[in-house]
Amino acid sequence: TETPAKQETETSGYKKLANGIVLGPDGKPCRTCNDVASLFALSGKKPKSITTTASTLPSDCPPDVEALGRSSWTLLHSITATYPTNPTPQLQSETKTFLSTFGKLYPCWVCAEDFQTWMTRNTPRVSSRGEFGTWMCEAHNAVNEKLGKDVFDCGRWEERWRTGWKD
Ligand code: FAD
């Protein structure tokens with residue numbers, strides 16, 4: 001027998017519909033936890049003039065999980081790209097605090113939970129730009145793997161986010 005799409009399961013106090021739609025703490029579908037195409041499919045509504053893929057989501061709409069993710073990775077990798085090669089102990093400590101707070105406040109709660117768990121097993125390495133950039137690349141790869149995406153070559157993170165491609 002098929003599970004009805006609206007049946008809810010509970011994880012860490014939050015709920016998920018059987019069709020995979022993640023609900024927020026208010027019990028409503030969480031926009032920043034789902035992709036916009038799934039949300040439109042759930043509502044049965046058709047968008048006015050856009051195709052419902054993240055790549056065509058108008059830039060002045062609230063972000064879905066994919067738009068939020070792309071912007072967030074841009075910020076995170078750019079922070080590592082401008083991080084000093086020889087940071088002070090104070091900056092290293094502030095960076096760890098930032099990552100811990102970021103992990104708690106990330107607006108997709110399911111993503112945030114997994115990111116926090118990953119960080120408990122992979123303590124942030126912030127002793128230099130190289131270390132931090134590689135660590136962030138590994139963090140991103142953990143999400144890529146979870147989502148079934150290609151793993152990025154962390155030997156090239158600096159080309160992607162700081163210097164530009166060599167070839
Ligand atoms: P993105 O994965 O956003 O990547 C953007 C660009 O970064 C790529 O085009 C590539 O050039 C580059 N890149 C890719 N991998 C790496 C790497 N390892 N190192 C350096 N550069 C790289 N989405 C979910 O659906 N579920 C989740 O649980 C989830 N957790 C997330 C946790 C965090 C902390 C963040 C920031 C995002 C999370 N996301 C999650 C969003 C997800 O990672 C993607 O951002 C989103 O699916 C859009 O993917 P994309 O294919 O457009 O490219």
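Label points 7 Å out from Cα along the Cβ direction at K149 and E94: separation in nm?
Between K149 and E94, the label points sit 2.9 nm apart.
Let's see if you can work this out: charge +1 on each Lys and Arg Cβ, -1 on each Asp and Glu Cβ, no other charges. What is the dipole magnitude of segment 65-163 about its Cα centre, in debye to the nearest 20?
In total the dipole reaches around 140 debye.
So between R160 and C61, what do we pick up on full extension, going 0.36 nm a residue minus the alpha carbon distance?
32.9 nm
How far apart, in nm, are two points set 7 Å out from the Cα along the Cα-to-Cβ line at N19 and at A41?
0.7 nm
Give the cross-link partners of K149 among the aspartates and glutamates, using a straight C-alpha distance below 16 Å as the criterion and excluding same-chain residues fewer than 8 apart.
D35, E66, E138
State the extension gain, in nm to one decimal, for the chain segment bounded by K28 and Q116, taking 0.36 nm per residue of separation less the distance between their alpha-carbons.
29.3 nm
Taken together, the values in this text are just the output of simple stated rules run on the coordinates, not laboratory data. No experiment lies behind these values; they were computed from the predicted model shown. Because the Cβ atoms are built from the backbone with ideal geometry, glycine has one as well, and the counts that use them run over all protein chains shown.
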